[in-house]
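The values are calculated or read from the model by the stated rules, or taken from the named source; none is laboratory data. In this text the structure is predicted, and so the values were computed from the model without any measurement. Cβ placement follows ideal geometry from the backbone for every residue including glycine, while neighbour counts extend to all protein chains displayed. Protein only, heavy atoms only, side chains kept; ligands, DNA and RNA dropped before computing areas. Shrake-Rupley method; radii C 1.70, N 1.55, O 1.52, S 1.80 Å.
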Amino acid sequence: MAERGASGGGSGGDSLDKSITLPPDEIFRNLENAKRFAIDIGGSLTKLAYYSTVQHKVAKVRSFDHPGKDVEQDHEPPYEISVQEEITARLHFIKFENTYMEACLDFIRDHLVNTETKVIQATGGGAYKFKDLIEEKLRLKVDKEDVMTCLIKGCNFVLKNIPHEAFMYQKDSDPEFRFQTNHPNIFPYLLVNIGSGVSIVKVETEDRFEWIGGSSIGGGTFWGLGALLTKTKKFDELLQLASRGRHANVDMLVQDIYGGAHQTLGLSGNLIASSFGKSATADREFSKEDMAKSLLHMISNDIGQLACLYAKLHGLDRVYFGGFFIRGHPVTMRTITYSINFFSKGEVQALFLRHEGYLGAIGAFLKGAEQDNPNQYSWGENYAASSGLMSTSPELCPTQRARSGTFDLLEMDRLERPLVNLPLLLDPSSYVPDTVDLTDDALARQYWLTCFEEALDGVVKRAVASQPESMDAVERAEKFRQKYWGKLQTLRHQPFAYGTLTVRSLLDTREHCLNEFNFPDPYSKVKQKENGLALKCFQSVTRSLDSLGWEERQLALVKGLLAGNVFDWGAKAVSDVLESDPQFGFEEAKRKLQERPWLVDSYTKWLQRLKGPPHKCALIFADNSGIDIILGVFPFVRELLFRGTEVILACNSGPALNDVTYSESLIVAERIAAMDPIICTALREDRLLLVQTGSSSPCLDLSRLDKGLAVLVRERGADLVVIEGMGRAIHTNYHALLRCESLKLAVVKNAWLAERLGGQLFSVIFKYEVPTK
């Protein structure tokens, strides 16, 4: 089961239990199915990586095999649902202090069951120090890997697979982390690794990189000189001293030398003219805090200038900083950022990584797994099991910085197929899926976090109801509640924990938590019932449409799309209606719609376009099951086919809320084809193609789509993209720019959002866009 980790004791497990606040089986999860290991051992921290297979439940749908199941019969579902076990791959990364090394190795040894490997890949300086201990405890041969190669492989991996991995640090922002959207081509870049010294590496491709420079003045210098100056031996304590210090008490500033004349030189009076300059002439003692701060500035400025010069020399504008000197400390990131900005005049970006501490372990794992070619897959961060980025800023909610002892976790799930950009994006490098950044917008953040908290009881109730035969559904649902509630509280205090906070990330985190406790598709039976009811109405809807004149029919088709989109169980305003009024249907939804002119209304422009030649191929991203897909989308598809336009209908690969999945769409299309000759012929002639998006989210990221979908879009020459639904067309992609015509339509089913957009509940967005030539 996905939520079940290793259990049981052994002496190592007992000692580990006493050391930390979380049970060991919640840290070393799924250890009984671990297949391969890697380890990165630094001076004070160890990062362990292992690959495991995870067994979890999935809801499968399929047509009835035997005859006599007629969808026209009352109370007969259109397909059957079965819950099956499925095995997927997961990467686990665990970071802990070296003081826990022996207890952790004992626990791993006592719980290894199915490991396939006899070797553990190891990197970092400690790989030599702990080699004998690891081989003795785990009975695995230690195979040492080159440190720099592992760092770069790890860096490439996180930049490609974690969308909000890189961030800038801005000390005066709230919050201080400003995440960057990953460029589709991550190369070339500069990696500045600040350990004891400094290594500067130019990375040009996956396998081509070059050490181009470095310095002996690095983290070891700060630590060593800091110890001599302050008598403080611990690195983190030195940084804490520096965070409280005032460097101007020790450093000689420009204004100390030139007085008011510095302005005529075009210099700021607060610039450091000489590090520790005042200590040569002042006849007094300096505080430890001030000396530590001065030292930190001196070394950070030196590294920043060096990195900037190498970046300019090689024509690079992206510099990623890593190494134990960084470790997420705000004061360090602040000084390096200032230095880079100052010396490059803002032309070079100082970037840091959420998972910087794991790069070596990830790289070592990838080196050991090369025969499995892990880079052929895409991977996704599992928010349910990962710790997330935590600020170590002393003034920022100290209770939220509490860890499971000193353990930090990252888990990544292997996705079934590689994900790529939609080829129709105008500029993939500037594409941002999400409309509102909740990290920036405090008012919106508080609203949506409260909204998800208030919806939690309903989600728990729905999860339990979806598994009536399960004896432990209530217990698992309560665990889900606690897990997701905890995530929401973390995000209240640390909104940057998993990158940029958005409505999409809140929805995705909820789906991850549901899957974690084996609720793979809480709405499966709701969708089954609604698909059955809608199929019975399909022919009467199309007959009604066919009886209309051409222009009247076009408006009716659009209103049908919009009315169908009302049926969204993820919107509280709708779910309340659907639960209180089971008779609420297609016609009732039409009456709920805003009258024209709509809140955003490009319909007249769309109608004029329809009077021209047909589109070559339309790509349609569908939203909800039931009335939406069957009575809204399919009649619209039918009209496009009738005009001579090919259609690619894209549905979610996996379940999310009551969104239609690819496997459900296949059955729905088969049932409709049996009733409608236009759909039947188009399917037979491959003019109507059903594909999966590669996503299991109620929102849509056009930079992470199934590779097969992208290939099909190119092959068929798609020249129209239709995106429907609040999650896909408003929360995401509202501002997305495409190289072809696009239609974004949705009904606003949230009163707060409607007011934000300048409308009311059930306002209509109908946004038809044509790219500028």
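How would you classify the range 146-200 from its alpha-carbon gyration tensor, with a ≥ b ≥ c the square roots of the eigenvalues: rounded for a/c under 1.5, else prolate if a/b is greater than b/c, otherwise oblate?
It is oblate, given that a/c is not under 1.5 and a/b is not larger than b/c.
What do you get for the angle between helix 359-368 and the principal long axis of the chain? Use alpha-carbon atoms, 0 to 90 degrees, nearest ten.
70
Can you tell me the length gained on complete extension of the stretch Q170 to D581, counting 0.36 nm per residue apart and subtracting the Cα distance?
Numbers: separation 411, 0.36 × 411 = 147.96 nm, distance 5.05 nm.
Length difference between fully extended and current span is 142.9 nm.
Considering the dipole of the chain built from charges on the beta carbon (Lys and Arg +1, Asp and Glu -1) around the Cα centre, which of G357, L306, A563 is farthest to its positive end?
With unit charges placed on the Cβ atoms, the residue in question is L306.
If r is the Cβ-Cβ distance from E551 to K572 and R0 is 41 Å, what FRET efficiency results, to the nearest 0.05?
Between E551 and K572 the formula returns 0.65.
Which of M291, L700, V420 sits farthest toward the positive end of the charge dipole of the chain, with +1 on the Cβ of Lys and Arg and -1 on the Cβ of Asp and Glu?
So the residue we want is M291.
Sequence-distant or interchain residues sharing an amide H contact under 5 Å with Q594, placed H: which?
For Q594, whose amide H was placed from the backbone, the distant partners under 5 Å are V764.
Mind giving me the FRET efficiency for Y128 and K60? R0 is 51 Å, r the Cβ-Cβ distance, nearest 0.05 is fine.
The value I calculate is 0.55.
Would you mind getting me the FRET efficiency between R244 and W752? Use the beta-carbon distance for r and R0 = 30 Å, nearest 0.05.
0.10
Compute the angle between helix 235-244 and the longest alpha-carbon principal axis of the chain, please, reported from 0 to 90 degrees and rounded to the nearest 10.
90
Toward the positive end of the charge dipole of the range 224-289, about the Cα centre and with charges on Cβ (Lys, Arg +1; Asp, Glu -1), which of G277, Q240, L267 goes farthest?
Q240
Taking every DSSP beta bridge with both residues inside the chain, roughly what % is antiparallel (nearest 5)?
Antiparallel bridges make up about 65 percent of those DSSP assigns within the chain.
Once you put a point 7 Å from the Cα of S429 and another 7 Å from the Cα of A227, both along the Cβ direction, what distance in nm separates them?
4.5
Quote the charge dipole size of the range 116-170 about the Cα centre in Debye, to the nearest 20; the model charges only the Cβ of Lys and Arg (+1) and of Asp and Glu (-1).
Dipole magnitude for the range 116-170 comes out near 80 debye.
For the range 326-388, run through the GluC sites (Glu not before Pro) and keep only the ones in DSSP coil with at most 13 other Cβ atoms within 10 Å of their Cβ.
Counting only loop positions with at most 13 other Cβ atoms within 10 Å, the GluC sites (Glu not before Pro) in the range 326-388 are E347.
What number comes out for the charge environment of F496, summing +1 per Lys or Arg and -1 per Asp or Glu over other residues with Cβ under 10 Å away?
+1
Please turn the phi angles of the range 525-539 into ³J(HN,Hα) values with the Karplus equation 6.51 cos²θ - 1.76 cosθ + 1.60 (θ = phi - 60°), one per residue in order, whole Hz, x for glycine and proline.
Computed from phi, the couplings for the range 525-539 are 6, 4, 5, 4, 5, 5, 5, x, 5, 5, 4, 5, 9, 4, 5 Hz.
Amide H neighbours of G218 under 5 Å, counting only residues 5+ apart in sequence or on other chains, H built in-plane at 1.01 Å?
The answer is none.
Which angle between 0 and 90 degrees, to the nearest 10, do you get for helix 707-716 versus the longest principal axis of the chain when only C-alpha atoms count?
50
Give me the aspartates and glutamates in straight-line cross-link reach of K137: C-alpha distance below 12 Å, same-chain residues under 8 apart excluded.
Counting by Cα, and skipping residues close in sequence, K137 has these aspartates and glutamates nearby: E102, D106, D110.
For the range 746-762, take each phi angle, set θ = phi - 60°, evaluate the Karplus expression 6.51 cos²θ - 1.76 cosθ + 1.60, and give the result in whole Hz per residue in order, putting x for glycine and proline.
Running phi through 6.51 cos²θ - 1.76 cosθ + 1.60 with θ = phi - 60° gives 6, 9, 7, 10, 10, 4, 5, 5, 4, 5, 4, 7, x, x, 10, 3, 6 Hz.
Quick one: what are the phi-derived ³J(HN,Hα) couplings along the range 430-444, Karplus 6.51/-1.76/1.60 with θ = phi - 60°, whole Hz, x for glycine and proline?
Once θ is set to phi - 60°, the couplings for the range 430-444 become 10, 5, 10, x, 8, 7, 10, 8, 6, 5, 7, 8, 4, 5, 5 Hz.
So for M675, M101, what's the accessible-area order with a 1.4 Å probe, most first?
Working: M675 35, M101 0 Å².
Output order, biggest surface exposure first: M675, M101.
Under a point-charge model restricted to the Cβ atoms of Lys and Arg (+1) and Asp and Glu (-1), what is the dipole moment magnitude of the chain relative to its Cα centre, in debye to the nearest 20? Write down the numbers at each step before the final one.
On the way: 89 positive and 100 negative charges, 258 e Å.
In total the dipole reaches around 1240 debye.
What lysines sit close enough to K288 to cross-link, taking a C-alpha to C-alpha distance under 26 Å and skipping anything fewer than 8 places away on the same chain?
K171, K231, K233, K234, K278
Could you tell me the distance between the Cα centroids of the range 667-691 and the range 464-535, to the nearest Å?
Centre-to-centre (Cα) distance: 33 Å.
Too long at a 18 Å Cα-Cα cut-off: which of K605/K767; K461/K592; K529/K590; K35/K118; K527/K744; K616/K767? Show your work: numbers first, answer last.
Values: K605/K767 10 Å; K461/K592 27 Å; K529/K590 21 Å; K35/K118 10 Å; K527/K744 24 Å; K616/K767 20 Å.
Over 18 Å Cα-Cα: K461/K592; K529/K590; K527/K744; K616/K767.
May I ask you to give the percent of accessible area on the range 61-205 that is carbon plus sulfur, with a probe radius of 1.4 Å? Don't skip to the answer; put the middle values down first.
On the way: 2910 of 6400 Å².
That share works out to 45 percent.
Excluding ligands, DNA and RNA, what is the solvent-accessible area per residue of the chain at a probe of 1.4 Å, expressed in Å²?
Using a 1.4 Å probe on heavy atoms only, each residue of the chain averages 41 Å².
Simple spin-label model, 7 Å along Cα-to-Cβ: A465 to D440 in nm?
3.9
Ignoring ligands, DNA and RNA, what percent of the 1.4 Å accessible area of the range 622-773 is carbon and sulfur?
Roughly 52 percent of what the probe reaches on the range 622-773 is carbon or sulfur.
With a 1.4 Å probe and all protein chains left in place, how much of the accessible area of the range 438-542 comes from carbon and sulfur atoms, in whole percent?
Summing carbon and sulfur atoms, their accessible area is 56 percent of the total for the range 438-542.
Amide H neighbours of G499 under 5 Å, counting only residues 5+ apart in sequence or on other chains, H built in-plane at 1.01 Å?
Those qualifying (amide H under 5 Å, at least 5 residues apart or on another chain) are L389.
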